[in-house]
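A quick write-up on the structure given underneath.
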Amino acid sequence: MSLSNRLRDANRPAAPAPTPSAAAAPSAGGEPAGRPGAAAAGMSNERLRQLRDYLITQVAGSLEDPAGLKQDEAARKDIERRTQEAFATTRVALPETARAELIREVVNEFFGFGPIQPLLEDASVNEVMVNGPNRVYIERKGKLILTNVRFDNDQHVRRIIDRIILPLGRRIDYDNPLVDARLPDGSRVNAVIPPVAIDGPSITIRKFSVKKLTVDDLIQFGSMTPQIAEFIKACVVSRLNIVISGGTGSGKTTLLNVLSGFIPEDERIVTIEDAAELQLHQDHVVRLETKKPNLDGKGEVTIRDLVRNSLRMRPERIVVGECRGGETLDMLQAMNTGHDGSLTTLHANTPRDALSRMETMSLMAGMDMPLKVIREQIASAIELIVQQARLRDGSRKITYITEVIGMEGDTVVLQDVFKFVEDGADADGHVVGQVRPTGLRPMFTPKLEAAGFRLPADIFMAGAGGSRNRR
């Protein structure tokens, strides 16, 4: 049952409040996972859950329309006050920390996303992953961590999924067990339920960064060196077509956002994304986002539709958040017909793999084209591949900057300009290495110079320009 249905039933006779003696029953298993302070209160996990459910019922019963509750700060304070009053009637003695945690859980059932709300409010958490009611993971500083957060059961997870997606006009049920959505703050949400989720409902939330990272931040994190930042800025301003390649969670979108920031203010930019995440500071930006089909399966607008439409919008730069399918061919054709300076990302583990992915995705467009023709399209359109990776210590680095030179026979020729060389690991397990120039100057150097960039020769000299990465 969704929370809204549960709240509509709130006027039914409430269960009796736990008595002080019952609430003070000794805990059988120590401190309950995900409920700090409960063990200190001598309250079992089940007793605490009963008390929480009782408070939710009492507060909901005191509201005229629980399902229509406004999601604002004034309403939140009112719910907190009502919860405090309802708790006082139970005459249960709890330590202040346990009481505050209990009241926060009750309030989160009305306003937040239940047990995972504190994780979403934690600025150090990048991603929240719910693998059923008893396994909630987070990503922090590139590492996956199992938390002590717990849901009551599968139904509790379903209520939170409904709470997330229903205000967004989305639905999830047996016939539609998958849903992708974007929260109002920009965070991306994916939810999966049975029958496709075998071990129970699953939620994955990739949080939206409130603070836009800059190139200086990436240099400080060790993702790139000042020399690489200078080189990439020259490439973007000089209108090279650039692909950012990397695995899931490697930081592709963050890097795309930083590179997009180098685009001059006087150029018209059209951004195309599945879920809007880019935060461009320029004024002349048109942001486009895909649209899911409605309940009868109609009205879908895909990335490919938006790429095609963008060509009629007089773009000077096209920035595609990620190429996943047939839109890759449309993007290549746009790059080859005067829309230079375009940027996009795709999933691949190496620059060479990125070429293979582009070939495969171009074939998904459904056009009967020889593979050699597609490779020629790629070789003439793409000029630079920036490879991003998440290393084993969780750090995110640029590992290759590779030039696409052209065709040689049936093969697309690549040339590494910069390459990350690992030297081992320190005592703390952090990867130690350097981003080093290969000693080869890119063939497109005249294009950079025509745009006013005369980069010093030592940037490209092997053994120079490398900077030890910092975590």
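Please turn the phi angles of the range 226-236 into ³J(HN,Hα) values with the Karplus equation 6.51 cos²θ - 1.76 cosθ + 1.60 (θ = phi - 60°), one per residue in order, whole Hz, x for glycine and proline.
x, 5, 5, 4, 5, 5, 5, 4, 4, 5, 5
Against the longest principal axis of the chain, how steep is helix 73-90, in degrees 0 to 90 to the nearest 10, with axes from Cα atoms?
Orientation of helix 73-90: about 30 degrees from the principal axis.
Please work out whether the range 242-336 counts as rounded, prolate or oblate from its C-alpha gyration tensor, where a ≥ b ≥ c are the square roots of the eigenvalues and a/c under 1.5 means rounded, while otherwise a/b larger than b/c means prolate and anything else oblate? Before the final figure, lay out the partial values.
Working: a/c = 1.56, a/b = 1.30, b/c = 1.20.
Judged from the Cα gyration tensor, the range 242-336 comes out prolate (a/c at least 1.5, a/b above b/c).
For the pairs Lys143/Lys419; Lys141/Lys212; Lys211/Lys292; Lys211/Lys233; Lys233/Lys397, flag any whose C-alpha to C-alpha distance is greater than 19 Å.
With Cα atoms farther than 19 Å apart: Lys143/Lys419; Lys211/Lys292; Lys211/Lys233.
If packing is taken as the average count of other Cβ atoms within 10 Å, what order do 436-444, 278-286 fall into, highest mean first? Could the numbers behind the result be given before it?
On the way: 436-444: 16.9, 278-286: 14.7.
Descending packing order for the listed peptides: 436-444, 278-286.
Let's test the formula: R0 of 60 Å, r as the Cβ-Cβ distance of Thr360 and Arg81. What FRET efficiency results, to the nearest 0.05? List each step's numbers first, then the result.
Numbers: r = 58 Å, r/R0 = 0.96.
After rounding to 0.05, the efficiency reads 0.55.
Given Cα pairs under 8 Å that are at least 6 residues apart, what percent is the relative contact order of the range 249-391? If you can, show how the numbers build up before the last one.
On the way: 212 pairs, mean separation 33.2, N = 143.
After rounding, I find 23 percent.
Is any residue of the range 248-263 close enough, with backbone N under 14 Å, to a label point placed 7 angstrom from the Cα of Ala451 along the Cα-Cβ axis, and if so, which?
Once the point is set 7 Å along Cα→Cβ of Ala451, 259-263 turn out to lie under 14 Å by backbone N, inside the range 248-263.
Given points 7 Å out from each Cα along the Cα-Cβ axis, report the Glu121 to Asn153 separation in nanometres with one decimal.
The two pseudo-label positions are separated by 2.8 nm.
In nm, to one decimal, how far is the Lys372 label point from the Ala100 one, both placed 7 Å along Cα→Cβ?
7.2 nm
Set the Förster distance to 51 Å, then compute FRET efficiency between Asp353 and Ala74 from the Cβ-Cβ distance, nearest 0.05. Walk me through the intermediate numbers first.
On the way: r = 53 Å, r/R0 = 1.04.
So, using R0 = 51 Å, E works out to roughly 0.45.
Among Ala88, Val286, Ser245, which residue has its Cα positioned farthest towards the positive end of the charge dipole of the chain, with +1 placed on the Cβ of Lys and Arg, -1 on the Cβ of Asp and Glu, and the dipole taken about the Cα centre?
Ala88
With the cut-off at 1.5 for a/c, could you classify the range 65-126 from its C-alpha gyration tensor as rounded, prolate or oblate? Display every interim value, and only then the final one.
Numbers: a/c = 2.49, a/b = 1.18, b/c = 2.11.
It comes out oblate by the Cα gyration axes.
Taking only Cα atoms, what is the 0 to 90° angle, nearest 10, from helix 96-110's long axis to the longest principal axis of the chain?
Helix 96-110 sits at roughly 70 degrees to that axis.
Pop out the ³J(HN,Hα) list for the range 408-423 in order, Karplus 6.51 cos²θ - 1.76 cosθ + 1.60 with θ = phi - 60°, rounded to Hz; leave Gly and Pro as x.
Coupling constants for the range 408-423: 9, x, 9, 10, 7, 8, 10, 9, 6, 9, 10, 8, 7, 10, 7, 9 Hz.
Using 0.36 nm per residue of separation minus the Cα-Cα distance, give me the extension gain between Ala88 and Val210 in nm, one decimal. Display every interim value, and only then the final one.
Working: separation 122, 0.36 × 122 = 43.92 nm, distance 3.76 nm.
Difference between extended and current length: 40.2 nm.
Take Asn309 and Ile145, extend 7 Å from each Cα along the Cα→Cβ direction, and tell me the distance between the two endpoints in nm.
4.2 nm
Can you classify the range 172-278 as rounded, prolate or oblate using the Cα gyration tensor, where a ≥ b ≥ c are the square roots of its eigenvalues, rounded means a/c under 1.5, and otherwise it's prolate if a/b beats b/c and oblate if not?
On the way: a/c = 2.83, a/b = 2.22, b/c = 1.27.
Here the range 172-278 falls in the prolate category.
Pick the calculated Kirkwood radius over Cα pairs in Å for this structure from (1) 22.1; (2) 25.2; (3) 26.3?
Step by step, Kirkwood radius over Cα pairs in Å for this structure corresponds to label (2).
Can you tell me the FRET efficiency between Thr411 and Val286 if r is taken as the Cβ-Cβ distance and R0 is 35 Å, rounded to the nearest 0.05?
Working: r = 37 Å, r/R0 = 1.07.
For R0 = 35 Å, the calculated efficiency reads 0.40.
Calculate, in nm to one decimal, what Gln434 and Ala462 gain on full extension: separation in residues at 0.36 nm each, minus their alpha carbon distance.
On the way: separation 28, 0.36 × 28 = 10.08 nm, distance 1.18 nm.
Fully extending the segment from Gln434 to Ala462 adds 8.9 nm.
With a cap of 16 neighbouring Cβ atoms within 10 Å, and only residues DSSP puts in a loop, list the trypsin sites (Lys or Arg not before Pro) found in the range 266-316. Please report the intermediate quantities before stating the final value.
Values: sites: Arg268, Arg287, Lys291, Lys298, Arg304, Arg308, Arg312; in loops: Arg268, Lys298, Arg312.
Filter output for the range 266-316: Arg268, Lys298, Arg312.
Just subtract the alpha-carbon distance of Glu267 and Glu300 from 0.36 nm times their residue separation and send over the number in nm, one decimal.
Working: separation 33, 0.36 × 33 = 11.88 nm, distance 2.96 nm.
In short, 8.9 nm is gained.
Since every read-out is calculated from the coordinates, none of them should be taken as a lab result. Given the structure is predicted, the values throughout are model-derived calculations rather than measurements. In this analysis, Cβ positions are derived from the backbone assuming ideal geometry, glycine residues included, and neighbour counts consider all displayed protein chains.
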